[in-house]
1. Please list, ordered by first then second residue, the pairs with beta carbon atoms under 8 Å, 6 or more apart or interchain, first in the range 271-288 and free of Cβ contacts under 8 Å to residues at least 40 places away in the same chain and at positive phi, second surrounded by 24 or more Cβ atoms within 10 Å (Cβ to Cβ) and assigned to a loop (DSSP other than H, G, I, E, B).
2. Suppose we filter 211, 267, 194 for residues that are in contact (Cβ under 8 Å) with a residue 40 or more places away in the chain, farther than 24 Å from residue 60 by Cα, surrounded by fewer than 21 Cβ atoms within 10 Å (Cβ to Cβ) and touching a strand residue (DSSP E or B) at 6+ places or on another chain (Cβ under 8 Å); which single one remains?
3. I'd like the full set of residues that are in contact with a strand residue (DSSP E or B) (Cβ under 9 Å, 6 or more places away or on another chain), surrounded by fewer than 24 Cβ atoms within 10 Å (Cβ to Cβ) and closer than 16 Å to residue 276 by Cα, limited to the range 225-257.
4. Report yes if residue 14 is in contact with a helix residue (DSSP H, G or I) (Cβ under 7 Å, 6 or more places away or on another chain) and at pLDDT 95 or above, otherwise no.
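The values are calculated or read from the model by the stated rules, or taken from the named source; none is laboratory data. Keep in mind that what you see is a predicted model, and the values were worked out from it rather than measured. As a convention, Cβ positions derive from the backbone with ideal geometry for all residues, glycine included, and neighbour counts pool all protein chains shown.
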């Protein structure tokens, strides 16, 4: 199946707009509308905070603290989306015992809107992932994993459009190559497609066909690598044309705030990642003026 047909045939309908002065700056009085994006990545089944005796992250993290923080931010701005960039599973006995059920149930309690799929989310196989999907009230997004020959067919969308305060936010997912990271018997006939090509197709559909005002990529490629041939978020940012924000995972990279990269058209695109284990929560506020020009400010918050 051609990648464009794959996207169109399996996606839910959506929308998008052009970049117009996207920058990372203090601009609380800039826009007439404000959309807040909250995000996590590589939580790896860390349900509880780290113990007080931990040498690096004492008393940090935990789903309960994240829930409290998310609730406060939503109370401040109801126009908020909560997203995850993959590797939800694997890392504590909670996953070994519950197989991901607890993770998905808690994310649903926190009212996550969408997540992409990381390599460790296949650790119980496609069967194990499918078994937990009924516990997820959020969307699973992946444009470059073709699940059409697996039991996950129809349960994962390439992208989704969310309406927030009259604005259309298009979100698509991009995953890392599974071969070499995941046993073949775990991902079975899942087909890995070129992440750059599928990202460009996804953002073009979201802009030109769905007329979105804001486009976000949930990526589990990894932030950057010494080998420039290896797909990464920084390389992806340079190749995109319409994506405003890349939320990354996989490399457990701690960024204090989003980085500004330059895309293929010479426009800025934000790249962010908040480490691992749920000890940080990413926050990016997007401001839209009457012409839908965008400005932004972002920060990584300790949980």
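1. Final answer for the pair search is none.
2. 211
3. Once the filter is applied, which keeps residues that are in contact with a strand residue (DSSP E or B) (Cβ under 9 Å, 6 or more places away or on another chain), surrounded by fewer than 24 Cβ atoms within 10 Å (Cβ to Cβ) and closer than 16 Å to residue 276 by Cα, the range 225-257 yields 253, 254, 255, 256, 257.
4. In short, no.
Listed here are the residues, each with its yes/no results for (1) closer than 25 Å to residue 91 by Cα; (2) surrounded by fewer than 21 Cβ atoms within 10 Å (Cβ to Cβ); (3) at pLDDT below 95; (4) under 18 Å from the mean Cα position of the chain (by Cα).
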position	(1), (2), (3), (4)
120	yes, no, no, yes
131	yes, yes, no, no
141	yes, no, no, yes
157	no, yes, no, yes
165	no, yes, no, no
172	no, no, no, yes
179	yes, yes, no, no
183	yes, yes, no, no
